[in-house]
Each structure stands twice: as C-alpha cells, then as structure tokens.
1. Hey, Tyr38 hits all of (1) assigned to a helix (DSSP H, G or I); (2) under 25 Å from Thr21 (Cα atoms); (3) touching a residue at least 24 places away in the same chain (Cβ under 8 Å) but one; which does it fall short on?
Amino acid sequence: MIDKQQLKTDALSYLTISWLTPLVKLGTKRPLTNNDLYTLDNKNQSDTISKEMDKFIQLQKGGKTPKLEFFLLGLIWIPLVGSTLALVLTQAMSLAIPNFMSMVNIIHKSNHTDD
C-alpha cells in the first residue's frame, strides 16, 4: 500500500504528475489491487461530484438554465485561486531574489572596503 506521507506533495508535483510515480513503480513489481490505490478525499469522490452535477441537472429541468461554465468554476475555484496565488508568488520571488542578492553583495563589498 502507498504510504500517505508520499501523497503530501507540492503544486509542482501535481503539475508534473510525479505523485503517480510510487504507484507506477509498485505496478511494475506486481499487479495492483484496490488496496494499492490512493483514497480520495470525500469532496473528490465520484459520489460527491455526481450529487453536485445532479443539482445542476435539476436546475435545468426546473426551467432555469444555469451556465455550465459557472457551475464548473464553482467546483474548482479554490484550487484555481490557490494555484494562481502560488504562481504570482513564484514570479515575484524570481524578480525579488536577484535584486536582494545584489544588494547584499553591495553591502558585503562596502563592509570589506572599509577595513
């Protein structure tokens, strides 16, 4: 069985699908069973998602026509906002760190020239 600690991954591993590597390695050694597969959070299980989709279908049957894109956005807005914030933070740090390091280098040089 895959250790739950192996599932705690960062955003980059989700993008690169490297979180799947332990499962693939295990599958090359022996046939996988249901116990080998990852357990999803309740909100990501098909039963929960199908109930949310049923709400959408019932709204359509009731004469209302909600937009599917707004419904789907409602399901994924938290991960979408989180990943966007992570991307903005990464870009900001990639711009700030070189400037910070050059300032540290200038201070370091000025301290050594005073001696």
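The values are calculated or read from the model by the stated rules, or taken from the named source; none is laboratory data. In this text the structure is predicted, and so the values were computed from the model without any measurement. Virtual Cβ from ideal backbone geometry, glycine too; neighbours counted across all protein chains shown.
1. Failing condition for Tyr38: (1).
To keep it simple, each residue is scored yes or no on (1) at pLDDT 80 or above; (2) surrounded by 10 or more Cβ atoms within 10 Å (Cβ to Cβ); (3) under 28 Å from the mean Cα position of the chain (by Cα).
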site: Asp41; (1), (2), (3): no, no, yes
site: Gln58; (1), (2), (3): no, yes, no
site: Lys61; (1), (2), (3): no, no, no
site: Gly74; (1), (2), (3): no, yes, yes
site: Ser83; (1), (2), (3): yes, yes, yes
site: Leu87; (1), (2), (3): yes, yes, yes
site: Met93; (1), (2), (3): yes, yes, yes
